[in-house]
């Protein structure tokens with residue numbers, strides 16, 4: 001039985017750093033460098049729980065012990081786009097092309113904020129890399145886009161496999177506050193629905209995505225207990241140089257407030 005965390009370097013950001021990165025994210029949009037600095041999604045306190053779930057799963061355990069990288073499969077766009085329309089691989093290739101996402105740049109950006117030495121063993125390092133590489137796959141199977149609301153819905157949908165749920169929850173609350181102030185009343189409802197959908201989903205990070213690239217998208221969703229994507233109205237990123245002052249006040253209050261969990265632990 002594991003007695004120590006498999007994350008040996010959590011790369012802590014601190015509350016002021018968190019506020020700065022959220023402000024940067026609102027200016028720049030969800031570009032990879034900002035996302036990795038802000039959420040540090042592969043170092044969080046819940047990473048151990050995810051690791052244990054994957055190691056307890058026969059397929060997931062085999063993938064981690066093999067040290068399997070999903071990256072080469074996702075880089076082979078010619079093969080993915082040659083798969084029949086409606087398959088996961090074809091739809092993933094279309095999604096990446098439509099949204100002009102460069103997975104190689106995405107991985108490079110991540111490696112400036114994560115390293116093999118951050119983890120206690122090779123299996124944990126493999127898991128961190130696969131968590132990074134399935135991000136856009138989760139967009140495809142969940143049906144959420146890359147707009148601001150789509151990214152927040154994807155975070156909510158991924159709640160059971162989030163290594164840093166408090167940071168993600170904070171980012172979601174901040175954006176819900178902004179949506180309200182800017183008149184996007186549908187944003188909160190879409191995020192709530194994404195939470196509910198995500199609670200029913202099977203183990204995504206431990207799935208054999210290499211094999212499922214040939215599967216029909218509806219079969220992948222059925223295998224992972226994912227309901228059909230609901231319609232939602234995208235919310236684009238805004239390009240203001242500064243956040244509205246009331247929202248920045250909310251950020252500071254939330255960053256320094258203590259959650260009920262922390263009070264109980266104190």
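Got a sec? Which helices (runs of 4 or more DSSP H) wholly within the stretch 1-103 have at least 2 residues that are in contact with a strand residue (DSSP E or B) (Cβ under 9 Å, 6 or more places away or on another chain), under 22 Å from residue 212 (Cβ atoms) and modelled with pLDDT of 70 or more?
Passing ranges: none, list empty.
I'm trying to understand the selection: among the residues of the stretch 136-164, which are farther than 27 Å from residue 182 by Cα and outside any loop (DSSP other than H, G, I, E, B)?
Of everything in the stretch 136-164, those that are farther than 27 Å from residue 182 by Cα and outside any loop (DSSP other than H, G, I, E, B) turn out to be 136, 137, 138, 140, 141, 160, 161.
Can you confirm whether the stretch 169-178 contains a residue that is over 18 Å from residue 50 (Cα atoms) and assigned to a loop (DSSP other than H, G, I, E, B)?
Within the stretch 169-178, not a single residue is over 18 Å from residue 50 (Cα atoms) and assigned to a loop (DSSP other than H, G, I, E, B).
How many of the residues in the stretch 177-191 are touching a residue at least 24 places away in the same chain (Cβ under 8 Å), within 20 Å of the chain's Cα centre (by Cα) and either surrounded by fewer than 17 Cβ atoms within 10 Å (Cβ to Cβ) or over 21 Å from residue 230 (Cβ atoms) (or both)?
0
Which numbered condition trips up residue 137, out of (1) farther than 20 Å from residue 207 by Cβ; (2) within 20 Å of the chain's Cα centre (by Cα)?
The one condition residue 137 does not meet is (1).
Only one of these conditions is not met by residue 129: (1) over 16 Å from the mean Cα position of the chain (by Cα); (2) within 30 Å of residue 55 (Cα to Cα); (3) in contact (Cβ under 8 Å) with a residue 40 or more places away in the chain. Which number is it?
Looking at each condition in turn, residue 129 falls short on (1).
From the set of residues in the stretch 199-245 that are assigned to a helix (DSSP H, G or I) and at pLDDT below 95, which is farthest from residue 65 (Cα to Cα)?
Top of the filtered list is 245.
Within the stretch 104-123, which residues are assigned to a helix (DSSP H, G or I) and in contact with a strand residue (DSSP E or B) (Cβ under 7 Å, 6 or more places away or on another chain)?
118
The values are calculated or read from the model by the stated rules, or taken from the named source; none is laboratory data. The structure displayed is predicted, hence computed values, not measured ones. Using ideal geometry, Cβ is built from the backbone for each residue, glycine included, and neighbour counts are taken over all protein chains shown.
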